[in-house]
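See below for the structure under consideration.
The values are calculated or read from the model by the stated rules, or taken from the named source; none is laboratory data. Everything numeric in this text was worked out from a predicted model, so none of it was measured. Note that each Cβ is placed from the backbone with ideal geometry, even for glycine, and that neighbours are counted across all protein chains shown.
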Amino acid sequence: MKNSNIEGIVFDLAGTLIDFGSLAPSQVLIELFDRFGIKITRKQAIGPMGIEKRAHIKALLTTRKINSQWKKKFKSKPTDKDIDKLFKLFNPELKKIIKKHSKFISGSKKTLDFIKNKKIKIGINTDIQKKF
């Protein structure tokens with residue numbers, strides 16, 4: 001494989017190289033919403049995956065089904081303060097389970113080794129906090 005035109009490749013970390021299916025963040029979101037009396041499915045939880053988590057929570061709250069549950073439960077639409085409450089709880093909960101889900105996805109380590117052997121630079125993008 002000739003790679004003269006490829007200088008680098010940037011990967012998203014969670015769900016691409018580790019944590020197949022983004023199990024850690026989706027599990028945390030399901031549990032957080034449940035604490036507030038809102039039932040969400042795994043499919044709903046992963047829907048906006050790939051964006052910053054506060055924006056992800058906001059996106060979930062704007063979906064018809066979740067928004068409807070929220071209004072029924074709290075007698076009002078979700079506010080920025082509600083989003084902030086959920087977001088504030090997210091990272092501490094994710095930190096508790098992240099190690100359990102931080103294994104390489106099948107084939108990703110082999111792919112990274114192949115790229116490194118070709119002397120192509122590798123970049124990683126993630127919204128997982130550095131302290132994790």
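Out of all the residues in segment 1-60, which are of a type outside the set (A, V, I, L, M), modelled with pLDDT under 85 and assigned to a strand (DSSP E or B)?
ASP12 - this is the single residue of segment 1-60 that is of a type outside the set (A, V, I, L, M), modelled with pLDDT under 85 and assigned to a strand (DSSP E or B).
Out of curiosity, is ALA59 in contact with a Leu (Cβ under 8 Å, 6 or more places away or on another chain) and closer than 29 Å to ILE9 by Cβ?
no
Those residues that are closer than 16 Å to SER26 by Cα and surrounded by 18 or more Cβ atoms within 10 Å (Cβ to Cβ), I need them from segment 54-80; list them, please.
HIS56, ILE57, LYS58, LEU60, LEU61, ILE66
Which residue out of ILE46, ILE83, ILE98 is more than 22 Å from GLY15 (Cα to Cα) and surrounded by 16 or more Cβ atoms within 10 Å (Cβ to Cβ)?
Result: ILE83 is the single residue among ILE46, ILE83, ILE98 that is more than 22 Å from GLY15 (Cα to Cα) and surrounded by 16 or more Cβ atoms within 10 Å (Cβ to Cβ).
For segment 67-104, how many residues meet the condition of being hydrophobic (A, V, I, L, M, F, W, C), over 11 Å from ARG54 (Cα atoms) and at pLDDT below 95?
4
Show the residue pairs meeting these rules: Cβ distance below 9 Å; 6+ apart or different chains; first residue within segment 90-101 and at positive phi; second residue outside any helix (DSSP H, G or I) and among the basic types (Lys, Arg).
Pairs found: none.
Note down all Cβ pairs under 8 Å where the first residue falls in segment 66-86 and is at positive phi, the second is in a helix (DSSP H, G or I) and of a type in the set (D, E, K, R), and they're at least six residues apart or on different chains.
Close Cβ pairs satisfying both conditions: none exist.
Restricting attention to segment 105-116, and to residues there that are among the hydrophobic types (A, V, I, L, M, F, W, C) and modelled with pLDDT of 90 or more, which single residue is nearest to LEU23 (Cα to Cα)?
LEU112
Only residues that are within 15 Å of the chain's Cα centre (by Cα) and assigned to a helix (DSSP H, G or I): list them for segment 101-120, please.
Passing the criteria: only HIS101.
Every residue, every condition in (1) farther than 13 Å from LEU32 by Cα; (2) among the hydrophobic types (A, V, I, L, M, F, W, C), yes or no:
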{"position": "LYS72", "(1), (2)": "yes, no"}
{"position": "ASP80", "(1), (2)": "yes, no"}
{"position": "PHE90", "(1), (2)": "no, yes"}
{"position": "LEU94", "(1), (2)": "no, yes"}
{"position": "LYS100", "(1), (2)": "yes, no"}
{"position": "ILE122", "(1), (2)": "yes, yes"}
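Being closer than 30 Å to ILE115 by Cβ and touching a Pro at 6+ places or on another chain (Cβ under 9 Å) is true for just one of ILE6, ILE66, ILE46, ILE51. Which residue is that?
ILE46
Outside any helix (DSSP H, G or I), within 18 Å of the chain's Cα centre (by Cα) and either closer than 14 Å to THR126 by Cα or not small (Gly, Ala, Ser) (or both): does that describe ILE83?
No: the conditions fail for ILE83.
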